[in-house]
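I have placed the structure first, in the form of structure tokens, so that the comments after it can refer back to it.
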Amino acid sequence: MIGAGPAGLAAALAAAARGIRVTVIDSGTEAGGQFYRRPAAEFGARRPQALHHQWRTWERLRDALARQVRLGLITHLTDHHVWLVERQSGSPTVHALRGPLQEEPVTVRADALVLATGGYEKVLPFPGWTLPGVVTAGGAQAMLKGGLVLPGRVAVVAGTGPLLLPVAAGLAAAGAEVAALVDSAVPKHFLRHGGRFAAHPAKLLEGARYAAELARHRIRVAAHHTVTAAHGEDRLEFVTVAALDADGRVRPGTERRIPCDTLAVGHGLLPHTDLAETLGCRLDGTRVHVDDEQRTDVPGVWAAGEITGIGGAALSLAEGHIAGRSVAARLRGREPDRGEWSPAARSRDTARDFATLLDAVYAPPAHWAELITDDTVVCRCEEVTGGAVRAAVGLGAGDLRTVKLLTRAGMGWCQGRMCAPAVAGLTGCRLEPSRRPFARPVPLGVLAQDPDHPSASEPKGRLDTDTGAPEANRAPSKGDTP
């Protein structure tokens, strides 16, 4: 399993409960992923559950993981950063870098692989978005959950999507003044889908609780509005907010300024598909295609959670559980008993329906790219401006790759993960993942190792996680090489 968020944990526990030895590889120092992010024990947080609304679910996952680790059925490799997954002799092989400096190579070989790599935030630039004090909505939440740190004293939460509600409520509960919640969503779109929302009473109750929190903290909600610019000299001082018309354009004369030292802005998430792309898994748009067992079209590879489409923790848990059961059955040469996972399948279908519903009502303004001025930085890594991208389009560039070749947008450290949505918006092309050889930067020394050299092929530096290998689940010692 790659990833120890809701999907990865659910898959690992489902497989281990059926006698399959599992290795969970995760870049985090603790299990839980982004959704169950918690402050380090050294902080001495007295009530970490105060920042979560599914804490009991996390406790069950945590306790079950600890139990299976003690039994030897699960090995949890923390602080391992996967940079490549490939198929060798028909089996998935995972290459990772271990430790905070990510210089210790580790190889894991298995009979089956579950990709549960989650998602990452979609970033849409606007004038002033690079000022200190402007953070993503998820970044603000991560600072609060993981570091017990407020990004500022006076905040504006803006963008679109359900994440804005817990972010605004969490910041206010932690002591920040939330000057406004600015959401580009159209209120009447919620009414239009009222019947479908009524089919999800638990989610409606969750939303009502957040609405009550916003009211209790007297947070102003500006619906069908957007932030057009952030302003300040050395750091953020205020933002300009404006109403949107029916076409999603700024309505002239509605602009107003809101003083703040923090802007937490988010426009949803994108599936993290780098490893799936490297393996050659089929993609449906930006997400990995899977069947009803969560299998990809690559033999021996499953996918679960946000990688198959953004849908939240409940969907991730259901997909992970189904994937783990399927892996266990397939490794033992049996057809899965679909009757056994029918509750998880129902949960999956319900959660997918709700996710589709949210996609219908939450979307960035249709003409958001018009707010990007020619001097607005679009690609921060390479400092490429909106004007440079538009100039490339004028030269005939009509796709991300051509713009990249003409401007260097997407050639930096993040390899286009952050700037691709903006470049696609300015170019007028579809946002499509680009297949990369590696999922993250890797030292040249690791790439230069000769795979035929004895020190590189010794079994001591790898994990053979097939169901019968004598070295299954033995963590490599420090200094081992693949």
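The values are calculated or read from the model by the stated rules, or taken from the named source; none is laboratory data. Just so you know, these numbers come straight off a predicted model, no measurement behind them. When we count neighbours, we look across all protein chains shown, and the Cβ atoms used for this are built from the backbone with ideal geometry, even at glycine.
Can you tell which of Leu163, Leu181 is closer than 20 Å to Tyr36 by Cα and either buried (at least 17 other Cβ atoms within 10 Å of the Cβ) or outside the structural domain of Val227 (by TED's automatic domain parsing) (or both)? I'd like the intermediate steps shown before the answer.
Numbers: Leu181 fails: closer than 20 Å to Tyr36 by Cα.
After applying the criteria, what remains is Leu163.
Among the residues of the stretch 238-250, is there at least one that is outside the structural domain of Leu144 (by TED's automatic domain parsing) and among the β-branched types (Val, Ile, Thr)? Reasoning before the result, please.
Of the stretch 238-250, the ones outside the structural domain of Leu144 (by TED's automatic domain parsing) are none.
No: zero hits.
Out of the stretch 409-422, which residues are closer than 24 Å to Trp83 by Cβ, touching a helix residue (DSSP H, G or I) at 6+ places or on another chain (Cβ under 8 Å), surrounded by 17 or more Cβ atoms within 10 Å (Cβ to Cβ) and aliphatic (A, V, I, L, M)? Even if it seems obvious, please write down each step before you answer.
First, pick out the residues of the stretch 409-422 that are closer than 24 Å to Trp83 by Cβ: 409-421.
Checking which are touching a helix residue (DSSP H, G or I) at 6+ places or on another chain (Cβ under 8 Å) leaves us with 409-411, 416, 420.
Still in the running and surrounded by 17 or more Cβ atoms within 10 Å (Cβ to Cβ): 409-410, 416, 420.
Within the stretch 409-422, Ala409, Ala420 qualify.
Run Val149 past the list (1) on the phi > 0 side of the Ramachandran plot; (2) surrounded by fewer than 20 Cβ atoms within 10 Å (Cβ to Cβ) and report the number of the one that doesn't hold.
Status for Val149: all satisfied but (1).
Residue check: is Gly398 more than 15 Å from Leu124 (Cβ to Cβ), surrounded by fewer than 19 Cβ atoms within 10 Å (Cβ to Cβ) and in contact (Cβ under 8 Å) with a residue 24 or more places away in the chain? Full working, then the answer.
Details: more than 15 Å from Leu124 (Cβ to Cβ): yes; surrounded by fewer than 19 Cβ atoms within 10 Å (Cβ to Cβ): yes; in contact (Cβ under 8 Å) with a residue 24 or more places away in the chain: yes.
Criteria met by Gly398.
Please indicate, with yes or no, whether at least one residue in the stretch 336-344 is of a type outside the set (S, T, N, Q) and either crowded, with 18+ Cβ neighbours inside 10 Å or modelled with pLDDT of 95 or more (or both). Full working, then the answer.
Kept after step one, since they are of a type outside the set (S, T, N, Q), are these residues of the stretch 336-344: 336-341, 343-344.
Filter once more, so that each one left must be either crowded, with 18+ Cβ neighbours inside 10 Å or modelled with pLDDT of 95 or more (or both): 341, 344.
Within the stretch 336-344, one or more residues are of a type outside the set (S, T, N, Q) and either crowded, with 18+ Cβ neighbours inside 10 Å or modelled with pLDDT of 95 or more (or both).
Quick one: which of Ala31, Ala40, Ala66 is surrounded by fewer than 17 Cβ atoms within 10 Å (Cβ to Cβ), of a type in the set (A, V, I, L, M, F, W, C) and free of Cβ contacts under 8 Å to residues at least 60 places away in the same chain?
Values: Ala31 fails: surrounded by fewer than 17 Cβ atoms within 10 Å (Cβ to Cβ); Ala40 fails: free of Cβ contacts under 8 Å to residues at least 60 places away in the same chain.
After ruling out the rest, the residue left standing is Ala66.
Considering each of Pro441, Pro470, Pro433, Pro421 in turn, give the residue that is in contact with a Ser or Thr (Cβ under 6 Å, 6 or more places away or on another chain) and either assigned to a loop (DSSP other than H, G, I, E, B) or at pLDDT 90 or above (or both).
Numbers: Pro441 fails: in contact with a Ser or Thr (Cβ under 6 Å, 6 or more places away or on another chain); Pro470 fails: in contact with a Ser or Thr (Cβ under 6 Å, 6 or more places away or on another chain); Pro421 fails: in contact with a Ser or Thr (Cβ under 6 Å, 6 or more places away or on another chain).
Step by step, each of Pro441, Pro470, Pro433, Pro421 is checked, and only Pro433 is in contact with a Ser or Thr (Cβ under 6 Å, 6 or more places away or on another chain) and either assigned to a loop (DSSP other than H, G, I, E, B) or at pLDDT 90 or above (or both).
For every residue, the table says whether it meets (1) aliphatic (A, V, I, L, M); (2) within 30 Å of Arg430 (Cα to Cα).
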{"site": "His200", "(1), (2)": "no, no"}
{"site": "Ala242", "(1), (2)": "yes, yes"}
{"site": "Glu255", "(1), (2)": "no, no"}
{"site": "Gly266", "(1), (2)": "no, yes"}
{"site": "Leu270", "(1), (2)": "yes, yes"}
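Go over the candidates Arg216, Arg209, Arg220 one by one and state the one that is more than 23 Å from Ile258 (Cα to Cα) and surrounded by fewer than 23 Cβ atoms within 10 Å (Cβ to Cβ).
Numbers: Arg216 fails: more than 23 Å from Ile258 (Cα to Cα); Arg220 fails: more than 23 Å from Ile258 (Cα to Cα).
Step by step, each of Arg216, Arg209, Arg220 is checked, and only Arg209 is more than 23 Å from Ile258 (Cα to Cα) and surrounded by fewer than 23 Cβ atoms within 10 Å (Cβ to Cβ).
Mind listing whichever residues of the stretch 191-218 are touching a helix residue (DSSP H, G or I) at 6+ places or on another chain (Cβ under 6 Å), in a helix (DSSP H, G or I) and farther than 19 Å from Gly312 by Cα?
Correct list: Glu213 only.
Being on the phi < 0 side of the Ramachandran plot and surrounded by 21 or more Cβ atoms within 10 Å (Cβ to Cβ) is the requirement here; does Val403 meet it? Let's see the steps before the verdict.
Details: on the phi < 0 side of the Ramachandran plot: yes; surrounded by 21 or more Cβ atoms within 10 Å (Cβ to Cβ): yes.
Considered against the rule, which asks whether it is on the phi < 0 side of the Ramachandran plot and surrounded by 21 or more Cβ atoms within 10 Å (Cβ to Cβ), Val403 comes out as yes.
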